[in-house]
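Structure first, then comments.
The values are calculated or read from the model by the stated rules, or taken from the named source; none is laboratory data. Note that the coordinates shown come from a computational prediction; the quantities given were computed from them, not determined experimentally. Cβ: placed from backbone, ideal geometry, glycine included. Neighbour counts: every protein chain shown. Heads up: the accessible areas ignore ligands, DNA and RNA and are worked out on the full protein's heavy atoms, side chains in. Shrake-Rupley method; radii C 1.70, N 1.55, O 1.52, S 1.80 Å.
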Amino acid sequence: MSDWPVMLAYGSVGLRPLELADAKAWREARIRGTAWLKPWEATVPPDAGDRPATFRSMVKRLSKLARDGQAMPFAITVDREFAGQVTVSNIVRGSAQFASIGYWVDPEFAGRGVVPMSVALVIDHCFTTARLHRIEISIRPENVNSLRVVQKLGIAEVGYAPRYLHIDGDWRDHRQFAVTAEECPGGMVNRLLRSGFSVTGESHPSHG
């Protein structure tokens with residue numbers, strides 16, 4: 001298996017490269033989740049340049065970063081239906097071997113365990129095939145749903161970063177979480193399952 005492109009799955013939850021063909025489903029999910037996602041979405045401070053203005057430009061930019069080994073933009077699917085996104089970004093090689101992970105989900109799939117399983121699958125890929133050593137996740141203190149994800153995964157809090165990212169029009173504080181390969185030798189998916197976790201409605205999961 002190569003670092004990228006790659007497909008990951010556990011039961012009904014799948015991850016694959018984000019594609020231009022996802023445009024319609026991605027827009028519909030974002031419309032449904034406007035109020036749900038707006039407080040947590042990164043914004044660009046005034047005079048600091050432009051974010052991609054369209055889905056197409058975003059996918060093209062992320063695809064180029066992926067080809068350059070700097071990112072892995074995954075679409076989350078549930079029973080092959082588009083459900084959200086997990087993005088591995090800021091991949092640093094050399095003596096660091098770390099990356100950051102961000103995620104969002106269509107509110108229609110929220111509360112079903114889809115995001116924790118998706119993030120676990122991506123972390124396992126990062127630690128095994130991609131041979132990264134450390135994964136970082138930054139979350140606003142007010143983002144209870146995202147905090148539940150790292151809690152379910154047992155990822156430790158390692159710091160606090162005041163005014164860390166520009167989000168929803170201002171610089172926002174973030175809690176910092178991180179995990180290293182040594183901390184989950186059996187894999188993040190296995191650690192999640194050992195905690196009694198299950199994806200809602202899952203009956204015959206297969207790990208691939």
Checking the structure you have, find out if any residue of segment 71-85 is over 16 Å from the mean Cα position of the chain (by Cα), touching a residue at least 40 places away in the same chain (Cβ under 8 Å) and within 25 Å of Tyr164 (Cα to Cα).
no
Can you confirm whether segment 91-105 contains a residue that is in contact with a Phe, Trp or Tyr (Cβ under 8 Å, 6 or more places away or on another chain) and among the basic types (Lys, Arg)?
no
Residue within segment 48-69 that is within 16 Å of the chain's Cα centre (by Cα) and of a type in the set (Ser, Thr, Tyr) present
yes
Counting only helices (runs of 4 or more DSSP H) wholly inside segment 93-208, the ones holding at least 2 residues that are open to solvent by less than 60 Å² (accessible area, probe 1.4 Å) and under 27 Å from Ala25 (Cα atoms) are 114-127, 144-153
Failed condition for Gln97, given (1) touching a strand residue (DSSP E or B) at 6+ places or on another chain (Cβ under 9 Å); (2) touching a residue at least 40 places away in the same chain (Cβ under 8 Å)
(2)
Scan segment 70-79 residue by residue and report those that are open to solvent by 10 Å² or more (accessible area, probe 1.4 Å) and in contact with a strand residue (DSSP E or B) (Cβ under 7 Å, 6 or more places away or on another chain).
Gln70, Thr77
